[in-house]
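For reference, the structure is listed below as structure tokens.
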Amino acid sequence: MSAPAPSPAREPVLRAEGLTRRFGGLVAVGDVSFDVMPGEIFGLIGPNGAGKTTLFNLMTGLTPPSSGRLRFEGRDVTGLAPHRIATLGLGRTFQNIRLFRGLSALENVKIAQHARTRAGLLAGVLGGAREEERQVEARAWDLLDLVGLANRAGEDAGNFSYGDQRRLEIARALALDPKVLLLDEPAAGMNSAEKHGLTEFIRDVRARFDLTVMVIEHHVPLVMNLCDRIAVLNFGQLIAMGDPASVQRDPKVIEAYLGAE
Amino acid sequence: MDFLQNYGFLIVTMIQQGLLGLSLYFPLMAGQLSLASPGFYALGGYIAAIMGTNAAFAPLRESLGSWIFPLEWLVAGVASAALGLIVGVPALRLRGIYLALATIAFVEILRVVALNLSVTGGAVGLFGVPQPFGFVDRWQYVWIFGPLLVLVLLFTARLERSRVGRAFRSLREDELAADAMGVPPTRYKVMAFVIGAVLAGIVGAMSAPFLNTWNARQGTFDASIAYLAYVLIGGSRNMWGPVLGGALLAALPEVLRPLQDWRLIINGLVLVVASLYLPQGLVGLFRRRRAAPLARPATQEVAK
Amino acid sequence: MELTQFIQNVLNGVSIGSVYAIFALGYTLIFSILGIINFAHGAVFTLGAYFTYTLAVGQFGINGLLKNVDLFPNGSPLGSSVPGFVLALLIGSVLAGLVGVVIERLAFRPLRSRGADPLLALVSSLGVALVLVNLIQYLVGAEIYSFPADVYGNLKPALVLHVGEKLVVIRTVQIIIFVVSMIMLIILGYLISRTKIGKALRAVAENPGTSSLLGISVDRYVLYTFFLSGFLGGLAGTLVATSFGIAGPYFGVTYGLKGLAVIVLGGLGSIPGAVVGGIVIGLAEAFVPAEYSAYKEAVAFALLFVILLVRPQGLLGRALVQKV
């Protein structure tokens, strides 16, 4: 694929500075710092319960951090509401899939275009937003096309298979027009053929939409193959970070995985 | 004309209750169970009754003639919107049954206040609310409630297909996911709540002349649950549900009139049976799920 | 405020607050196990008072199907003595508990077994309330019924305390209400925390799914809960009625609503919360100055509204954590 290699000279698009989240006495994420460069595919791995999803929740505003800061394109976004962060350009999927299950696939993708459209109550009701509606509709179809679900646009999202739901969630996140896409276990529940296609798909999407991608994934071959850099969390701590080959050799990573099995 | 003489009041009441059912439907569109409508309905009615009977408004009444009535609706709508904002912004941080209970409290507080103010006529209420547009019969109110219902249904149908309507639905489906997809929850919850408040307020303002009198019994807990029953028994996921539920349940006591003393008992039984056996509401009975694949519009564009 | 006035208010508030507490516990028990509110609870309160009245007096008014009926022309065997009245009170409350069981079977279980929207239970239970209230009206009319003054025996109607120059007056009924409510609370507390039934109830409240896996029959414990809830509601209804009379079939509506305020104030589903909430609201109402007494009815709801805004989990409730 013709993905641009990350250029170390540029400013990081995301910068976590000592992000910490405690739940009662438990430190779910402890003092985690990293930079994500524009255009990178940045992997986040670690044993179950290592705090990966909590880190995504901290980054997208769903869980407020106990301490630490998150910068997005240089701007401090710590403590902003989820919809504000989403509007700035951080789109995500969910580990446990949170589609609008009772709504059609098309509508799921339309809803996520909320922040990039303007029509207010009166414009919508009095018909002053036809052009915008037409564009929203067209773009929703294009995104469904992209994930191969255009022929099922009218079906309720809840009726889709696991793999299709994951794809639809990606289409929905892309509809936000994000600069950074956070994927939480996109391969979970997919068969091996689907997993294989996923690598291509994520690279393709990155190039086409000029994205930075952060991905949580358990399937190690997929991560190693897909990611430019990888960070490893264990018990909420960042224990290693670097290119796939060096992370794979890191004794701390090996111990974390062996110790956890 | 005999038919209208006999059933005119009932027909108008059916439309009126359908509208009140709709006033609960708007917050429900955004997933919010609010039982505040009777409060706004009472407020609107008091505004109309006060503007119609209070001596302070006599000059205004004289100079405006029948135009005082649209003005009453406007004032009621604006006042309900303002009160809806004041109550809604803090209350809509609550979810589910907590919001329902907070709105019940709101209705009760308004009721006790209305019982004790002199401008609202205290416990007796206000009498002799003047009739609009030279109406001499109850059924003539069809000419104001009917168009309002048509307007509200048009409004709702258009709303459901708009960006704001989609935002409402996303909140009903999954507030957290909607938030993460860029939909500001509080803003749209409050908007849906205020739309319902304005509708209830306007219906109240139209109802004070219709009932000729207004008192604190107009906005009670019983009404809260009655409206909820309209929505749930009619069907809560389609705008025709509350209209149908409101109209039928409003007609029920009349239909049961031959049963005399048993009337209200049967009315209660109907509520029980309907909630047990009509999970999708009446509308769900004869409305099949849309299954046809959506047609893609002709235009083709590359994403972004 | 003068000291005597203060003492008087505290005593009045605690007495009525203790009834609010046992009444509200009826809501709490059901909420903690099913997560829904039984809107028929106010009607059960009313019914309990009518049951006891029927057993203890048995004379009906001039309206309704039972007009001018006198069940006990020679005086009720239960009403003519204190032990008799206590028995009537118990039987009346048990009957109210059985009504609670019927409500569960008719209005709640069918919805639960179908996994229906819990909101529907609000409507179905309100439907039941409508049926009950109108059935009462159909049978005995809308008249006010009062218990004879001597149902609690030939006690002095009031206890008068001298505090300095001033007097503090406590009606005997208020003391009885308080004592009976406290006894009920102690029995209930024992039942919930010490007995097998209580343990099972707590398990079901904690997690109905796992409990049924563990062999606890959830439906049976839900029935027990509705019985207890109805019993408490009926008892509260009778206690209030011996103090103020039965003000017609709609007499429970106000208490039904106030009970909601009580459980929210204390924390939905929290048993100590219902007790604290009841006492707090009783006291708050007692301290409303006489010149604003017309607003007394709004105090509970104003408190409810405020507490929801500043501390939605209530005074003693656990904070709600949303899972992402």
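Read-outs throughout are calculated quantities, based only on the coordinates presented, and are distinct from any laboratory measurement. These numbers were taken from a predicted model, which means no experiment stands behind them. Neighbour counts run over all protein chains shown; Cβ positions are idealised from the backbone, glycine included.
What residues from the range C:270-311 fall in the zone where the backbone N is under 16 Å from a label point 7 Å along the Cα-to-C-beta line of B:Arg93? Residues C:304-311 qualify, since their backbone N sits under 16 Å from the label point.
Using the Cα centre as the reference, give the magnitude of the dipole from point charges on the C-beta atoms of the range B:89-192 (Lys, Arg: +1; Asp, Glu: -1; all else neutral), rounded to the nearest 20 debye. All intermediate terms of the calculation are to be shown ahead of the outcome.
Values: 12 positive and 7 negative charges, 55 e Å.
The calculation lands at about 260 debye.
In the range C:199-241, the alpha-carbon atoms span a convex hull of 56 Å³ per residue.
Between C:Tyr190, C:Tyr53, C:Tyr292, the Gaussian network model of chain C with springs among Cα atoms under 10 angstrom shows the greatest mean-square fluctuation at C:Tyr292. Computed as a quarter of the hull surface, the mean projected area of the alpha carbon convex hull for the protein assembly as shown stands at 44.7 nm².
Each of B:Val198, C:Gly115, B:Leu60 was placed along the dipole of the protein assembly as shown (beta-carbon charges, centred on the mean Cα), and the one lying farthest toward the positive end is C:Gly115.
The simple spin-label model puts a point 7 Å past each Cα toward its Cβ; for C:Thr195 and B:Val142 those points are separated by 6.2 nm.
In order along the range C:86-97, the phi-based Karplus estimate (6.51 cos²θ - 1.76 cosθ + 1.60, θ = phi - 60°) of 3J(HN,Hα) comes to 4, 4, 4, 4, 5, 5, x, 5, 4, 4, 4, x Hz; Gly and Pro are listed as x.
If you stretched the chain out fully between C:Leu98 and C:Asn154, how much longer would it get, using 0.36 nm times the residue separation minus the C-alpha to C-alpha distance? Working shown, then result.
On the way: separation 56, 0.36 × 56 = 20.16 nm, distance 3.18 nm.
Once the chain is fully extended between C:Leu98 and C:Asn154, it gains 17.0 nm.
I'm checking a number: the convex hull volume of the Cα atoms of the range B:11-285, normalised per residue, in Å³. What is it?
About 132 Å³ per residue, rounded to a whole number.
3J(HN,Hα) along the range B:48-64: 5, 5, 5, 5, x, 10, 5, 4, 4, 9, 4, x, 4, 4, 5, 6, 8 Hz, from the Karplus curve 6.51 cos²θ - 1.76 cosθ + 1.60 with θ = phi - 60°, whole Hz, x for Gly and Pro.
In deg cm²/dmol, rounded to 500, what helix-only [θ] at 222 nm does chain A give when every DSSP H run of at least 4 residues adds -39500 (n - 2.57) and the total is split over its residues? Could you put the intermediate results ahead of the total?
Numbers: 10 runs with 100 residues, N = 261.
After summing the helix terms and dividing by the residues of chain A, the value is -11000 deg cm²/dmol.
Placing unit charges on the Cβ atoms of the charged side chains and taking the dipole of the range C:3-310 about its Cα centre, the candidate lying farthest along the positive direction among C:Gly92, C:Leu130, C:Gly269 is C:Gly269. The Cα center of the range C:215-290 and the Cα center of the range B:191-248 differ in position by 29 Å. Across peptide A:205-212, the mean count of Cβ atoms from other chains lying within 10 Å of each residue's own Cβ comes to 1.
Backbone geometry of the range A:39-47 corresponds, through the Karplus equation with coefficients 6.51, -1.76 and 1.60 at θ = phi - 60°, to 3J(HN,Hα) couplings of x, 6, 10, 10, x, 10, 10, x, x Hz, x marking Gly and Pro.
C:Val179 to C:Val306: extension gain in nm, 0.36 nm per residue of separation minus the Cα-Cα distance? Could you put the intermediate results ahead of the total?
Details: separation 127, 0.36 × 127 = 45.72 nm, distance 3.06 nm.
That works out to 42.7 nm of additional length.
In chain A, excluding the sites themselves, the longest stretch lacking any of the trypsin sites (Lys or Arg not before Pro) that are in a DSSP loop with at most 11 other Cβ atoms within 10 Å is A:119-261.
Determine, for B:Phe168, B:Phe57, A:Phe94, the number of other Cβ atoms within 10 Å of each Cβ, and report the residues in order from fewest to most.
Going from sparsest to densest Cβ surroundings: B:Phe57, A:Phe94, B:Phe168.
Could you state the number of Å between the C-alpha centres of the range A:146-183 and the range C:66-107? The range C:66-107 and the range A:146-183 have Cα centres separated by 63 Å. Applying both filters, DSSP loop and at most 12 other Cβ atoms within 10 Å, to the GluC sites (Glu not before Pro) of the range C:83-184 gives C:Glu165.
Between B:Ser66 and C:Phe6, the modelled labels are 6.5 nm apart [label points 7 Å from Cα along Cα→Cβ].
Annotation for B:Leu252 and B:Leu269: the two label points, set 7 Å from Cα along the Cα-Cβ direction, are 1.2 nm apart. Estimated from helical segments only, the mean residue ellipticity of chain C at 222 nm is -22000 deg cm²/dmol, where each DSSP H run of four or more residues counts as -39500 (n - 2.57).
Charges were assigned to the Cβ only: +1 to each Lys and Arg, -1 to each Asp and Glu. The resulting dipole of chain A about its Cα centre is roughly 520 debye.
Build a GNM of chain C with springs between Cα atoms under 10 Å apart, and of C:Gly266, C:Gly26, C:Gly245 the one that fluctuates most is C:Gly245.
Taking the number of Cβ atoms within 10 Å of each Cβ as an exposure proxy, the fewest-first ranking of A:Glu217, A:Glu200 is A:Glu200, A:Glu217. Report, to the nearest 10°, how far helix A:251-260 tilts away from the longest principal axis of the Cα atoms in chain A, using its own Cα long axis and a range of 0 to 90°. Around 70 degrees separate the two axes.
Please tell me which of these pairs span more than 22 angstrom C-alpha to C-alpha: C:Lys196/C:Lys258; C:Lys156/C:Lys258; A:Lys52/A:Lys252; A:Lys179/A:Lys252; A:Lys110/A:Lys195; A:Lys179/B:Lys189? Display every interim value, and only then the final one.
Working: C:Lys196/C:Lys258 32 Å; C:Lys156/C:Lys258 30 Å; A:Lys52/A:Lys252 17 Å; A:Lys179/A:Lys252 32 Å; A:Lys110/A:Lys195 26 Å; A:Lys179/B:Lys189 28 Å.
In this structure, C:Lys196/C:Lys258; C:Lys156/C:Lys258; A:Lys179/A:Lys252; A:Lys110/A:Lys195; A:Lys179/B:Lys189 lie more than 22 Å apart at Cα.
What separates the Cα centres of the range B:100-173 and the range B:19-44 is a distance of 8 Å. Note on chain C: GNM, Cα springs under 10 Å; of C:Val86, C:Val101, C:Val57, the largest mean-square fluctuation is that of C:Val86.
Please give the FRET efficiency for B:Phe286 paired with B:Leu259, using the beta carbon to beta carbon distance and R0 = 35 Å, rounded to the nearest 0.05.
Working: r = 27 Å, r/R0 = 0.78.
That pair, B:Phe286 with B:Leu259, gives E of 0.80.
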